[in-house]
1. Confirm whether Phe244 is outside the structural domain of Val43 (by TED's automatic domain parsing) and within 17 Å of the chain's Cα centre (by Cα).
2. Applying the selection to segment 162-184, what residues are more than 15 Å from Met270 (Cα to Cα), in contact (Cβ under 8 Å) with a residue 12 or more places away in the chain and outside any helix (DSSP H, G or I)?
3. Considering only segment 133-140, I want to know if a residue exists there that is outside any helix (DSSP H, G or I), within 29 Å of Ala360 (Cα to Cα), of a type in the set (A, V, I, L, M, F, W, C) and outside the structural domain of Ala281 (by TED's automatic domain parsing).
4. Could you list, in sequence order, all residues of segment 162-191 that are within 31 Å of the chain's Cα centre (by Cα), over 16 Å from Lys334 (Cβ atoms) and among the hydrophobic types (A, V, I, L, M, F, W, C)?
5. Give the residues of segment 42-71 that are of a type in the set (A, V, I, L, M) and part of a loop (DSSP other than H, G, I, E, B), sorted by residue number.
6. When the residues of segment 228-253 are narrowed to those that are part of a loop (DSSP other than H, G, I, E, B) and of a type in the set (D, E, K, R), which ends up surrounded by the fewest Cβ atoms within 10 Å (Cβ to Cβ)?
7. Among the residues of segment 72-108, how many are in a helix (DSSP H, G or I) and under 21 Å from the mean Cα position of the chain (by Cα)?
8. Restricting to segment 91-111, name every residue that is in contact with a strand residue (DSSP E or B) (Cβ under 7 Å, 6 or more places away or on another chain) and under 19 Å from Thr348 (Cβ atoms).
Amino acid sequence: MAIRRGRCDTQRMPRRPLKPPFRFGRDSLARFRTRRERALTPVGDAAEIARAAACVADAASAEGDAFLAYVGDKRFVWSDSGRSFLMYGAAGRAWIAVDEPVGDPAEFDELAGRFIATAREARAWPAFYAVGAATAERLAQFDLKAEKVGERAVIDLDRFSLTGKANRGFRNERNRALKAECTFEMRPPGPLAELEAPLRGVSDAWLARRGGVEKGFSLGRFDPDYLSRFSLAVVRRAGAPAAFSNVFVHGDRATMDLMRYADDEAGGGMNYLFMELGTWAKQQGLKRLDLGLAPLAGLRDQPHPSTVARLGAFIFARGGRFYGFEGLHAFKDKYDPDWTPAYIVARTPWRAAAAAVAVASLTGGGARKLLRRTRGRVPTPRDLDD
């Protein structure tokens, strides 16, 4: 019997309509961005900054640069008790907590866990910048890994002295400043008043020499409201301000923030201010003078630099054309400080590298411009040598 070719007489099963292929395009990216933006806490307003300032004043722990909460560009995560906070910024998918948590050390794990969980739920990458070794070790419980990003210089004031043969150079420089009619004063926190205009002139001259503008996030800035929260170390030459630094005092430690001077003439630089500030802090019974973080310190000399070390060294060396990071490290090293490592902590080395770029972007360093010459590859130490 011949088999008839043709349409089968049996009833055909209806076909299910095909689903359109998933396209990860602009709409999807927009949805993710919206989700992240909704999860972000708002940038702190004047009331929240005042709340943070009160918390800093009463904090059992305010290590590092807790005063960066006053800059006005931070977002905050608070503990349930309201006695502790963590401050952070966001750039793309990177959420960067800057410096140590502030407040009650018993609440730090609560703060870190809340920040990390909120970031991950929003499909963001949480990271912690410029934390010390103890905090980096505690963050390991959240499956985060630490990479060194620099070193913090802290002077032991019990060892600080301008006497003796080894310190003859300091005394000579101090004598030159005194002959140039330089004087030193410490002003308590409060409105700048009559000092605002001359200090702004010093700051503007400092900025002009570097061809730059004010930064933020991981650095302080010249702003009268911001500076009014600090003690001010001021050097006058022939009666006119020539250099200044705002100083954060907490517990047994004084920390320098801005270090700005009008010129390099006698008393106009920072050496005279450093010597007098160290003497003042020791007379006040303080034990430590914190000169701040030196980014990339100790990174370029590593025999097998990590991705973060290579990328961070590149970014901050290029940023050093404005801030002089390498020169800053050499300058601080003259005063024989204790150098302690600072870390960036993230889930993977590549996310830590992304966080380093985000810090440069949030600070105002123009990370894209810095990376353009490498054409997308990770910079190597050789890129720093031209």
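The values are calculated or read from the model by the stated rules, or taken from the named source; none is laboratory data. Predicted model only: the values in this text are computed from it and were never measured. Don't worry about glycine lacking a Cβ; one is built from the backbone with ideal geometry, like all the others, and counts go over all protein chains shown.
1. On the way: outside the structural domain of Val43 (by TED's automatic domain parsing): yes; within 17 Å of the chain's Cα centre (by Cα): no.
Against the criterion (outside the structural domain of Val43 (by TED's automatic domain parsing) and within 17 Å of the chain's Cα centre (by Cα)), Phe244 does not qualify.
2. Looking only at segment 162-184, we keep the residues that are more than 15 Å from Met270 (Cα to Cα), and these are 162-168, 179, 181.
Restricting the remaining residues to those that are in contact (Cβ under 8 Å) with a residue 12 or more places away in the chain gives 162, 179, 181.
Correct list: Leu162, Glu181.
3. Just the residues of segment 133-140 that are outside any helix (DSSP H, G or I), to begin with: none.
No, every residue in segment 133-140 fails to be outside any helix (DSSP H, G or I), within 29 Å of Ala360 (Cα to Cα), of a type in the set (A, V, I, L, M, F, W, C) and outside the structural domain of Ala281 (by TED's automatic domain parsing).
4. Once the filter is applied, which keeps residues that are within 31 Å of the chain's Cα centre (by Cα), over 16 Å from Lys334 (Cβ atoms) and among the hydrophobic types (A, V, I, L, M, F, W, C), segment 162-191 yields Phe184, Met186.
5. From segment 42-71, those of a type in the set (A, V, I, L, M) are 43, 46-47, 49-50, 52-54, 56-57, 59-60, 62, 66, 68-69, 71; that's our starting set.
Matches in segment 42-71: Ala59, Ala60, Ala62, Val71.
6. Here is the first cut: in segment 228-253, the ones part of a loop (DSSP other than H, G, I, E, B) are 228-230, 238-239, 251-252.
Okay, now just the ones that are also of a type in the set (D, E, K, R), so 229, 252.
On the way: Arg229: 18, Asp252: 12.
Only one residue tops the list, namely Asp252.
7. Here is the first cut: in segment 72-108, the ones in a helix (DSSP H, G or I) are 105-108.
Add one more test, that the residue is under 21 Å from the mean Cα position of the chain (by Cα), and what stays is 105, 108.
So the count comes out to 2.
8. Those that are in contact with a strand residue (DSSP E or B) (Cβ under 7 Å, 6 or more places away or on another chain) and under 19 Å from Thr348 (Cβ atoms): Arg93, Ala94, Trp95, Ile96, Ala97.
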